[in-house]
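First up is the structure itself, then whatever we jot down about it.
FYI, it's all coordinate maths here, none of it is from the lab. Bear in mind the structure is a predicted one, so any value in this text is a computation, not a measurement. Methodologically, a virtual Cβ is constructed for each residue, glycine included, from the backbone with ideal geometry; neighbour enumeration extends over all protein chains shown.
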Amino acid sequence: MTHHDQPTPDKADGRRRAVPRRWLRRRCGRGDAGFGSLEVVILTPVFIAMLLLVVGFGRLTHGRQLVEQAASAAARAASLGSTPTQATTDAQREARDILTQAGVSCHTFTADVDTSDFRAGGQVRVTVACVTSLADLGLVGFPGAKTLEARATSPLEQFRQVALGFSNSEWSSASNRSVDGAS
């Protein structure tokens, strides 16, 4: 027997057997034995829920930034177009490409291009909307889907030639008449 083992009486037959003191201290010295496991069982779902909240807010924030980036790039692409139709097509393509390359999956995607002020010195406005799914985070209270929307405006160069749907010769002669003062 080691010095840690002390003989203790066995209640059934009156004989003494060796029981380690460490075991006695752990077993009899603490009144809250087993509560550590209970705390872990109770707090684990709370920590998981907090982790899912952080992930969900991170996904929303990142998605918003990407939609803003797509709107800005789309407005810039539209401002480089020579006609309102080309500007609209370029803007929609650019916005979709930015979101696709970033890995954002939109259930519904729209890129509205406002070319009402498409003239030299004017501006182009683009609104990008993306409905993205958050169904995998519904456990912690996120809605099933969220619409992320961003708007961007890009100026058109003041000293540029903007085609208004005429062919080159018609446009040139139309602009010459207005410059010469002829009607």
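What the table shows:
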quantity: Relative packing of 126-134, 56-64, which averages over residues the other C-beta atoms within 10 Å, highest first; calculated: 126-134, 56-64
quantity: Average Cα contact separation per residue, region 44-162, under 8 Å, 6 or more apart, as relative contact order %; calculated: 28 percent
quantity: Cut-off 19 Å (backbone N to label point 7 Å along Cα→Cβ of Gln158), residues of region 101-145; calculated: 117-124
quantity: C-alpha center-to-center spacing [region 34-55, region 67-136] in angstrom; calculated: 43 Å
quantity: Order of Glu94, Glu149 under a 10 Å beta carbon neighbour criterion, fewest first; calculated: Glu149, Glu94
quantity: Per-residue Cβ neighbour rank within 10 angstrom, fewest leading, Ile98, Ile48; calculated: Ile48, Ile98
